[in-house]
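Engineer: Below are the structure tokens for one structure; questions will follow.
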Amino acid sequence: MSIPPQPTPRRFGARRVLGLFALALLIVPIIEIAVIIGVGRVIGTWPTVILLIVESAFGAWILKHEGGRAWGALAGALQSGRMPSRELADAALVLIGGVLLLTPGFVTDIVGFFLILPITRPITRRLLEAIVARRLLGGVVGVSTTRTTRTTRTTETNLGWTPSEPAPPNAPSDDVIEGEIVDDR
């Protein structure tokens, strides 16, 4: 019996990432200019300019506040000797959100606020964790997480064989690994 070959996961090469980045550098300013002109037509030129300045000032203030909180949480996690995965994700989101908030424009400010505000950051963090997990696992091992009150259940999927066949010797089992998440928030 042989194990059927698994499809190779799509990998983003450096060229592809640079190409997407270059495309974003061309498209985002065009979208921003169109939105600024549209808002200017609705509320007027000077109110639009004032709104952009106020939005940038508020963005800088919230960046300072949330950046300090994220840095403090990261330092606290490192000093306590525990893995700072949540804190690193928050720090990365605050950094990216801060860059977007300091960029003039309404669209980048909306995305920046979504990344940096403590109300919406957990949603973005979960999305980021799912993307990173999918990229790290490469589609070879599927992990499904079901969150109950304080328990996480993780199961691993079969690696290309059917349940009627005996599993290869190095294959993961279908055992359920139960654990408890301790969240020191």
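The values are calculated or read from the model by the stated rules, or taken from the named source; none is laboratory data. Everything quoted here is computed from the prediction, not taken from an experiment. Reconstructed Cβ throughout: ideal geometry from the backbone, glycine too, with neighbour counts over all protein chains shown.
Engineer: Return yes when G44 is at pLDDT 85 or above, at positive phi and surrounded by 10 or more Cβ atoms within 10 Å (Cβ to Cβ) and no when it is not.
Structural biologist: So G44 fits the description; yes.
Engineer: Also, I was wondering about something else. Kindly indicate which of G72, G98 is of a type outside the set (F, W, Y) and surrounded by 17 or more Cβ atoms within 10 Å (Cβ to Cβ).
Structural biologist: On the way: G72 fails: surrounded by 17 or more Cβ atoms within 10 Å (Cβ to Cβ).
Just a single option satisfies the conditions, and that option is G98.
Engineer: Can you tell which of L102, L63, L74 is out of contact with any Cys (no Cβ under 9 Å at 6 or more places or on another chain), free of Cβ contacts under 8 Å to residues at least 24 places away in the same chain and not small (G, A, S)?
Structural biologist: Working: L102 fails: free of Cβ contacts under 8 Å to residues at least 24 places away in the same chain; L63 fails: free of Cβ contacts under 8 Å to residues at least 24 places away in the same chain.
Within the list L102, L63, L74, the selection yields L74.
Engineer: Please determine whether any residue of the range 122-134 is under 30 Å from I50 (Cα atoms), outside the structural domain of E180 (by TED's automatic domain parsing), modelled with pLDDT of 90 or more and not hydroxyl-bearing (S, T, Y).
Structural biologist: Checking the range 122-134: not a single residue is under 30 Å from I50 (Cα atoms), outside the structural domain of E180 (by TED's automatic domain parsing), modelled with pLDDT of 90 or more and not hydroxyl-bearing (S, T, Y).
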